[in-house]
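Novice: Here it is, the structure, as structure tokens.
The values are calculated or read from the model by the stated rules, or taken from the named source; none is laboratory data. Remember, predicted model here, so these are calculated numbers, not experimental data. So basically every Cβ, Gly included, is an ideal-geometry build from the backbone, and we count neighbours across all protein chains shown.
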Amino acid sequence: MPIVITPPVNDLVGPGSFLSVSSDVLGPFPTDTRFVFDIGTSNEGVNPYIHSEIVVSQGNGSYQLLDRHVTSTVESTLQPKSGDQVYAVVQFIEGGTNAVLDSGTVQLTWTTTDAIGQQIYTQTTTGGGGLTTEEHGWLDALQQGFANTVQYGGAAATQAFANGIFEHPNPALLQLRDATMSLTGQGNLQRPAAGVGVEAYGLHLEVAVAPDGAGRRNGILLEYVERVAQLATTHSTTAGTFESVTEVLDLHLEQYSWLWKYSFPERILYDVTPGWTLNATWLVWIISP
């Protein structure tokens, strides 16, 4: 039976989209066994726009196109336009022998916007920060917003406007800090030192190790039946005499970008279910000229 490829909603696919794939070939599989993804206009995977190889230990999962943690080959001259018909050609390759254990193909419609909320996580970050032309445009709009608020609302409204921007920035301004933390058992994290123009607003979470036999079901994101981890933020009172839990996350998804409801938490508590390992990376806003 060919690989079952479950596309995103409405059969739309693009940068940042997830494709769920499932093969009925049974393991265990040798090291370097992998899924090979070719996305392009050929139903045979010839001259693909995107070519990705993802090493796996099992014959099913949900994988993101152009995931920043996966090396992908992108041929920009073959980039489809929104609305074009493309094919996702997936092969399950055995490590060592490079034999094709299974394969499948599905026809989809290309989009550059449907997964825009996930596209920030497909981009490799650099330590230097910096703003793109689009981000400069956002800041120009922000400057105009300040001017309008001062003109019509006065100083108090300006302060409220500023607080809203810097407590909950547009997610598209955020990027992953390079260092990834491996979490098991119980513990707590503290936000990285802010520095000049740098602040953390959340965590990007990914399951690194799942126990054998973990129940799961496909969806927009791969979901585990068992709770992978529970995380919580805490905040202290102004006087610092009392620390309370202000938000709780019960994580069941293979990966999730958690933006805190209340910014600048005192601590982030975590309790990872035994047998699981969770990778966590800070989501930060870096503002530099």
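Novice: Please tell me if G83 is crowded, with 17+ Cβ neighbours inside 10 Å, touching a Ser or Thr at 6+ places or on another chain (Cβ under 7 Å) and at pLDDT below 90.
Specialist: Working: crowded, with 17+ Cβ neighbours inside 10 Å: no; touching a Ser or Thr at 6+ places or on another chain (Cβ under 7 Å): yes; at pLDDT below 90: yes.
Taking the combined requirement at face value, the residue does not satisfy it.
Novice: Here's a follow-up. Being under 20 Å from the mean Cα position of the chain (by Cα), among the acidic types (D, E), at pLDDT 90 or above and on the phi < 0 side of the Ramachandran plot is true for just one of D271, D250. Which residue is that?
Specialist: The unique qualifying residue is D250.
Novice: Do the conditions hold for Y121, that is, is it buried (at least 16 other Cβ atoms within 10 Å of the Cβ), modelled with pLDDT under 80 and part of a strand (DSSP E or B)?
Specialist: No: the conditions fail for Y121.
Novice: Restricting to the stretch 179-214, give me the number of residues that are at pLDDT 90 or above and in a loop (DSSP other than H, G, I, E, B).
Specialist: Qualifying residue count, the stretch 179-214: 4.
Novice: Just for the stretch 86-98: of the residues that are small (G, A, S) and part of a loop (DSSP other than H, G, I, E, B), which one is surrounded by the fewest Cβ atoms within 10 Å (Cβ to Cβ)?
Specialist: G96
Novice: Something else now. Within the stretch 251-258, is even one residue closer than 30 Å to V4 by Cβ, in contact with a helix residue (DSSP H, G or I) (Cβ under 7 Å, 6 or more places away or on another chain) and part of a strand (DSSP E or B)?
Specialist: Yes, that holds for at least one residue.
Novice: From the set of residues in the stretch 210-247 that are within 15 Å of the chain's Cα centre (by Cα) and within 18 Å of A280 (Cα to Cα), which is surrounded by the most Cβ atoms within 10 Å (Cβ to Cβ)?
Specialist: Here is the first cut: in the stretch 210-247, the residues within 15 Å of the chain's Cα centre (by Cα) are 220-223.
This time we only want the ones that are within 18 Å of A280 (Cα to Cα), so: 221-223.
Details: L221: 15, L222: 20, E223: 15.
Restricting to residues being within 15 Å of the chain's Cα centre (by Cα) and within 18 Å of A280 (Cα to Cα), the top hit is L222.
Novice: Hey, another quick one. Can you tell me which of (1) farther than 23 Å from F18 by Cβ; (2) touching a Gly at 6+ places or on another chain (Cβ under 8 Å) is the one K261 doesn't meet?
Specialist: (2)
Novice: Is it true that some residue in the stretch 280-287 is surrounded by fewer than 13 Cβ atoms within 10 Å (Cβ to Cβ) and touching a strand residue (DSSP E or B) at 6+ places or on another chain (Cβ under 9 Å)?
Specialist: no
Novice: Of the conditions (1) assigned to a strand (DSSP E or B); (2) touching a residue at least 24 places away in the same chain (Cβ under 8 Å); (3) under 30 Å from N10 (Cβ atoms), V245 clears all except one; give me its number.
Specialist: Failed condition: (3).
Novice: Among the strands (runs of 3 or more DSSP E) contained in the stretch 1-57, which hold 1 or more residues that are in contact with a Phe, Trp or Tyr (Cβ under 7 Å, 6 or more places away or on another chain)? So that I can check it myself, show each step before the final result.
Specialist: Working: elements: 4-6, 18-22, 34-40, 50-55.
It comes to 18-22, 34-40, 50-55.
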